[in-house]
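Here's the structure we're looking at; comments come further down.
The values are calculated or read from the model by the stated rules, or taken from the named source; none is laboratory data. As the structure is a prediction and not an experimental result, all values here were calculated from the model. Because the Cβ atoms are built from the backbone with ideal geometry, glycine has one as well, and the counts that use them run over all protein chains shown.
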Amino acid sequence: MNGILVIAYGSSLPYAEAALKAQCERLQNLRSEKVYYASHRANKPLIADTVKQIAADGVDRLLVIPFFIADGEITKDYIPREMGLKSYGDRCLEVDGKKIEIIWGSAIGTDPGIADVIIKRIKDRNGDADTPVLIIGHGSRNKELPEAVEAAAESVRLAGYRNVRVAYNEFNGPYIEDVFPEMVALNEDAIIIVPMFIACGLHLKVEIPEKLGIPDNRGGIVKHNGKSIEVRYTPAVGEDEYVAEVLAKRAAKAFD
């Protein structure tokens, strides 16, 4: 019996948990395999409890997909250990005397399909090939997250969008405060902001709008040389319905 386990980081705020549950529900409607979800921290069910349930249900092949923007210490170290494995890449898990073959998937933000999600977000805000687009990542001291964001941005450029920039909220540059004024100086009618985050939260609702000079995450107007420029702010990439399609394609590759 095949199964799919989607694992999130977890949060004390409700947004990430809601996004995880919504994507898993959509994925279950797209695939015949039983879909499970778990969190590394803060939210239940936790990983160890879910793995026990998976074994009890008779799953013997399990696709594991981190609901993260990028891989790193959590996905490569903590998650395998919390599942009961010695290390990332181990393909045989034994739980209560039952053996489960593990199929590892990379973080969802590294999937080529995420570029399609970003393009969908741009179109949802009436953007075209010439509209300035700023893809914003959380930022990290590790190289994996910037690499994932840059790879997605490059795919969007290759799809024909000519003015795509990247900036980060914290930990690594280029920072929002540096890149956004350069985009405003282009003096175009609008700028589209696409947060490459798993879900909404304080960063997207408060911190980033403040750095952009807009009231909140619904967008707003900024001024440049007397001209009003519309800032079109999209929801987090991880909340888009198409992400479930990306997950389903992962499952098809693993099982079909």
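For the reader, a short list of remarks on this structure follows.
- Within region 155-172, being touching a Gly at 6+ places or on another chain (Cβ under 9 Å), closer than 30 Å to Gly226 by Cβ and in a loop (DSSP other than H, G, I, E, B) holds for Tyr161, Asn169.
Residue-by-condition table, conditions (1) in contact (Cβ under 8 Å) with a residue 60 or more places away in the chain; (2) in a loop (DSSP other than H, G, I, E, B):
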position: Glu182; (1), (2): no, no
position: Asn187; (1), (2): no, yes
position: Ala199; (1), (2): yes, yes
position: Ile214; (1), (2): no, yes
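- Among the residues of region 236-256, those that are over 13 Å from the mean Cα position of the chain (by Cα) and at pLDDT 95 or above comprise Glu245, Ala248, Lys249, Arg250, Ala251, Ala252, Lys253, Ala254, Phe255.
Yes or no, residue by residue, for (1) surrounded by fewer than 22 Cβ atoms within 10 Å (Cβ to Cβ); (2) farther than 29 Å from Pro14 by Cβ:
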{"residue": "Asn169", "(1), (2)": "yes, no"}
{"residue": "Glu188", "(1), (2)": "yes, yes"}
{"residue": "Pro195", "(1), (2)": "no, no"}
{"residue": "Ile198", "(1), (2)": "no, no"}
{"residue": "Lys205", "(1), (2)": "yes, no"}
{"residue": "His224", "(1), (2)": "yes, yes"}
{"residue": "Ala252", "(1), (2)": "yes, yes"}
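Condition check ((1) in contact with a strand residue (DSSP E or B) (Cβ under 7 Å, 6 or more places away or on another chain); (2) buried (at least 22 other Cβ atoms within 10 Å of the Cβ)) across all residues:
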| position | (1), (2) |
| --- | --- |
| Ile102 | yes, no |
| Ala107 | yes, yes |
| Pro112 | no, no |
| Ile118 | yes, yes |
| Asn126 | no, no |
| Thr131 | yes, no |
| Ile135 | yes, yes |
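- Flag for Asn187 being modelled with pLDDT under 95, under 30 Å from Gly226 (Cβ atoms) and not basic (Lys, Arg): yes
- Residue match in region 160-178 (condition: under 19 Å from Ile108 (Cα atoms), modelled with pLDDT of 95 or more, out of contact with any Pro (no Cβ under 9 Å at 6 or more places or on another chain) and not polar (S, T, N, Q)): no
- Residue in region 219-235 that is modelled with pLDDT under 95, over 23 Å from Arg141 (Cα atoms) and part of a loop (DSSP other than H, G, I, E, B) present: yes
- On inspection, Ser140 does not qualify as surrounded by 17 or more Cβ atoms within 10 Å (Cβ to Cβ), assigned to a helix (DSSP H, G or I) and among the hydroxyl-bearing types (Ser, Thr, Tyr).
- Among (1) assigned to a loop (DSSP other than H, G, I, E, B); (2) in contact (Cβ under 8 Å) with a residue 12 or more places away in the chain; (3) among the acidic types (Asp, Glu), the one test that Glu147 misses: (1)
- Pairs meeting the criteria (first residue in region 44-63 and in the same structural domain as Pro80 (by TED's automatic domain parsing), second residue loosely packed, with under 13 Cβ neighbours inside 10 Å and in a strand (DSSP E or B), beta carbons under 8 Å, at least 6 apart or on different chains) are Asp60/Lys99.
- Ile74 meets each of the listed conditions (1) within 30 Å of Arg157 (Cβ to Cβ); (2) out of contact with any His (no Cβ under 7 Å at 6 or more places or on another chain) apart from (2).
- Filter result for Ala22 (among the small types (Gly, Ala, Ser), closer than 23 Å to Ala199 by Cα and either touching a strand residue (DSSP E or B) at 6+ places or on another chain (Cβ under 7 Å) or at pLDDT 95 or above (or both)): yes
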